[in-house]
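The block underneath contains the structure these notes are about, expressed in structure tokens.
Values in this text are rule-based calculations from the coordinates and carry no lab data. Since we're looking at a predicted model, the values are computed, not measured. Heads up, the Cβs are rebuilt from the backbone with ideal geometry, glycines too, and the neighbour counts pull from every protein chain shown.
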């Protein structure tokens, strides 16, 4: 096992950072690492917004559910799906690109490109001894986020990434066993097998929480997922996406 794989397997979310700002060199390295990610047909359909203004960070923290680590970190990035520049390309080159930009395919490409770039940045940050935490909470109100960041149409803020020097050392959460995730040639859809795998993983997760909290928490992964999926959350998203000129076809 090499150091890159060790870094990936040691991943943990950090939610408390030391009061140390990232240097310009560190920020540049993370952005360049993000840009080195694979991108469909070289489309590079994403933008990264670094948020340094204290007032803007405070607003984003409030939107994300008053998560303090959105405001207090070494640097806060917001990754956006971005086809705005491609609209400009169409105008510049005299090409009719609207149908393509509004296709479900290009929407998915932009989402995937942004996610790949962010994960590259995350691995790079952790390899530098920094900690990271993805912030999906900014999607609680993307209309407000768009105002704070002044993003144009065809740009959708997807998630934040808090980066900094860790002020705590969390344990690595147990993921599902690889045998549950990796299927060969066909999807294993037998429900009895799936139930058995879930029960196995539920025991692992429950034991993890019991040990981590000295018995104060014992819930299972299945229980967590059921609670999460029962709740209707961010149901405005389709309307927001259409408002940003992603009238998907």
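Observations on the structure shown:
- Look at the alpha carbon pairs under 8 Å that are at least 6 residues apart: their mean separation over the length of the chain gives a relative contact order of 26 percent.
- Result for the chain in a Gaussian network model with C-alpha springs under 10 Å: among 211, 147, 192, the largest mean-square fluctuation is at 192.
- Distance (nanometres) between label positions extended 7 Å along Cα→Cβ at residue 144 and residue 103: 3.7
- Inter-part distance where segment 123-160 and segment 85-109 are each reduced to a Cα centre, Å: 23
- Acute angle (nearest 10 degrees) that the helix 191-212 long axis makes with the longest principal axis of the chain, alpha-carbon atoms: 80
- For 116, 158, 229, order by how many other beta-carbon atoms lie within 10 Å, fewest first: 229, 116, 158
- Over segment 194-249, relative contact order from alpha-carbon pairs under 8 Å, at least 6 apart, %: 23
- With Cα atoms, 0 to 90° folded angle of helix 221-230 axis to the chain main axis: 40
- Gain on full extension, evaluated as 0.36 nm per residue between residue 191 and residue 236 minus their Cα-Cα distance, stands at 13.0 nm.
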